[in-house]
Amino acid sequence: MRGSRGVIGVLAAAGFLFGVAALALVLTNDHEEITGPFVVLALTLGWSFIATGLYALWRRPEQPIGWLMTLVGFLWFLGALPESDSAVIYTAGLALGGLWAGPLVHLLIAFPTGQVAPGLERNVVRLGYTLPLVQMLVLPVLPDSARDCSRCPENLLLVSAQPGLSDALMIALGAAAVAMLAGVGVVLVRRWRASGPVQRRALAPVIWTGAAIVVIGVLGVIPDAVGADAVTAVMNSLLIAAITALPFAFLIGLLRSSLSRAAAVSALVERVGATTVRDALAEALGDRALWLAFWLPRLGGYVDPDGHPVALPAPGGPRAVTEIEHDGIRVAAIVHDAALLEEPELVRAAGAAAGLALVNERLDAELRAHYEELRASRTRIVAAGDAARRKIERDLHDGAQQHLVSLALTLRLARSSAAPDSKTAILLDAAIDELKHGLSELRELARGIHPAVLTERGLEAALAGLAVRAPVPVTVTGTLEERLPPELESAAYFLVCEALTNVAKYASATEAEVSLRLEAGHVVIEVRDDGCGGADARNGSGLSGIADRVAALDGVLVVQSPRGAGTLVRAELPHRVPVAAL
């Protein structure tokens, strides 16, 4: 900081001397008379650019805006060199007097961040720096008569006066200048439309002053082209006045930026307790689409307020990221409009003001992330259990069940070979009956573990099979247009299976009804009976396990069982299983 102050002091002294030297050249020249008001205006322009630039350097030394403002002021004073009576200094002034236009255009395009985007912005800035250099090419062919100064010193760069060529070059330069000014106007309009309310407070003085410069500059070409010298002089004076107002516009913009930042932070502090941190930040920064991501070191990444992992936008897009620290620890990231990068101090100040609240919300997000991990783990366990059930069912069907079927065939062959009513025949008949009973029990066991029909033909066929085997009359209603994911089919099947088991064991019902339908993105399964009621999923009736399975799939289980009025078991399962379950 101390070194920066020294540089600023040296530049301030140099700027003052440049202005004094320019004034001396104007007051002592013998070939041109300049009015007092114009001299005051010219000095004000140069010194105000230098002073405002030095203020910007002191306030934001990391940004090039201050350097550009200061450079415009110094180069502006070079425009006084043609007032010298020395041919050398006069010629140098003709060559260098227009160099201030390049950094001025650069400044208009880059304010307030100092950054120039590729494309139109970069091309306009290049044109601004190129035109004064191209203008130097006119000097070797510029006739003395074209300078409108009979008493001016000699143009030492003149090689051969070519009025036609010099006129053509000046027309081309004028057209290029109009194109450059039009490009500046387009950029200013885009900048205004892309900015939010907070940014517009800082940009407004510069945008409107820059627009005035563009309009006056473009309109000033017309009287110059038709030779209306009096109108041209008026337009030039207006242009100088507008350019003189520009550094004050920059200063107002910088001051407004500071005031806006203070006001935004103050409003943020007042709103944090009354609303969410996101809403308070969105209001303070003027970005309704703002969102927050919270850093979780355990995950090595960011999560949203609900605890879900999120990816931050890549640099260079319409959304930008500002990371917020509290007590030196990374807490959160504010994802905001990229236009707010023009006011990085505003975003950081707002984030710092909300630092403690962000810490608290990060803790909430971390708890939700733990919950999401637990829920995903529970879902994976259910899915793994279903997969294990299917494998056991297949193993029983393809292994033990097939062996028993083969054994039954062998026993039947042996029975056909034995003498009727012999002891061997009686024993074989008993063995065959026992084997049939064992095979039936094995099939029921396999069906209870995971029915093959559910895997092969789907939920509706499996429920129809349950209804046929139920000890009370069961009606199945409703159809689905497509197969459900395996986790949903398993959950629905075992829910109905458990509910019908309870009907048979406890309800003393005479009939039951199973309904299946899609409703508002959910699969709705209902099992209703006309029994005695009194079922409670919390008391180990078998429904508690089903409730866990339903919850693992983000579903809802409701049991309504008033005594003496039957029981309704209703489950709502999201039609799309969470990604973690697949």
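From the list 193, 278, 200, 256, the one residue that fits, being in a helix (DSSP H, G or I), of a type in the set (Lys, Arg) and modelled with pLDDT under 70, is 256.
Take the conditions surrounded by 21 or more Cβ atoms within 10 Å (Cβ to Cβ) and at pLDDT 90 or above and apply them to residue 104. Does it pass?
Yes; evaluated as a whole, the condition is true for this residue.
In this structure, residue 288 qualifies as surrounded by fewer than 21 Cβ atoms within 10 Å (Cβ to Cβ) and closer than 17 Å to residue 200 by Cβ. Scanning region 59-88 for residues that are within 18 Å of residue 253 (Cβ to Cβ) and either of a type in the set (Gly, Ala, Ser) or touching a Ser or Thr at 6+ places or on another chain (Cβ under 7 Å) (or both) yields a count of 5. Yes or no: residue 88 in the same structural domain as residue 9 (by TED's automatic domain parsing) and buried (at least 16 other Cβ atoms within 10 Å of the Cβ)? When the stated conditions are applied, residue 88 does not pass them. Of the strands (runs of 3 or more DSSP E) lying entirely inside region 295-345, those containing at least 3 residues that are within 18 Å of residue 283 (Cα to Cα) and among the hydrophobic types (A, V, I, L, M, F, W, C) are 319-326, 329-337.
Among the residues of region 526-541, those that are over 18 Å from residue 494 (Cβ atoms) and at pLDDT 75 or above comprise 530, 531, 532, 533, 534.
Quick check on residue 446: is it touching a Leu at 6+ places or on another chain (Cβ under 6 Å) and modelled with pLDDT under 85? So residue 446 fits the description; yes. With the condition kept exactly as written, say whether any residue in region 132-149 is among the charged types (D, E, K, R), at pLDDT below 90, more than 33 Å from the chain's Cα centre (by Cα) and assigned to a loop (DSSP other than H, G, I, E, B). Yes, region 132-149 has at least one match.
Just a yes or no: is a residue in region 235-245 modelled with pLDDT of 85 or more, touching a helix residue (DSSP H, G or I) at 6+ places or on another chain (Cβ under 9 Å) and under 13 Å from residue 109 (Cα atoms)? No, region 235-245 contains no residue that is modelled with pLDDT of 85 or more, touching a helix residue (DSSP H, G or I) at 6+ places or on another chain (Cβ under 9 Å) and under 13 Å from residue 109 (Cα atoms). Summed over region 40-73, the residues that are modelled with pLDDT under 80 and of a type outside the set (D, E, K, R) give a count of 2. Each residue in region 455-507 was checked for being touching a Ser or Thr at 6+ places or on another chain (Cβ under 7 Å) and either of a type in the set (Gly, Ala, Ser) or modelled with pLDDT under 85 (or both), and 3 pass.
So that you can scan it fast, the table gives a plain yes or no per residue for (1) in contact with a Leu (Cβ under 7 Å, 6 or more places away or on another chain); (2) in contact (Cβ under 8 Å) with a residue 24 or more places away in the chain; (3) closer than 27 Å to residue 554 by Cα:
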| residue | (1), (2), (3) |
| --- | --- |
| 468 | no, no, no |
| 473 | no, yes, no |
| 476 | yes, yes, yes |
| 480 | yes, yes, yes |
| 491 | yes, yes, yes |
| 508 | no, yes, no |
| 511 | no, yes, no |
| 514 | yes, yes, yes |
| 517 | no, yes, yes |
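Elements of the type strands (runs of 3 or more DSSP E) sitting completely within region 493-570 and holding at least 2 residues that are out of contact with any helix residue (DSSP H, G or I) (no Cβ under 8 Å at 6 or more places or on another chain), under 27 Å from residue 468 (Cβ atoms) and not aliphatic (A, V, I, L, M): these cover 512-519, 522-529. Taking residue 434 as the residue in question, decide whether it is out of contact with any His (no Cβ under 9 Å at 6 or more places or on another chain), surrounded by fewer than 20 Cβ atoms within 10 Å (Cβ to Cβ) and at pLDDT 80 or above. No, not satisfied.
The values are calculated or read from the model by the stated rules, or taken from the named source; none is laboratory data. All of these numbers come straight from a predicted model, not from anything done at the bench. Reconstructed Cβ throughout: ideal geometry from the backbone, glycine too, with neighbour counts over all protein chains shown.
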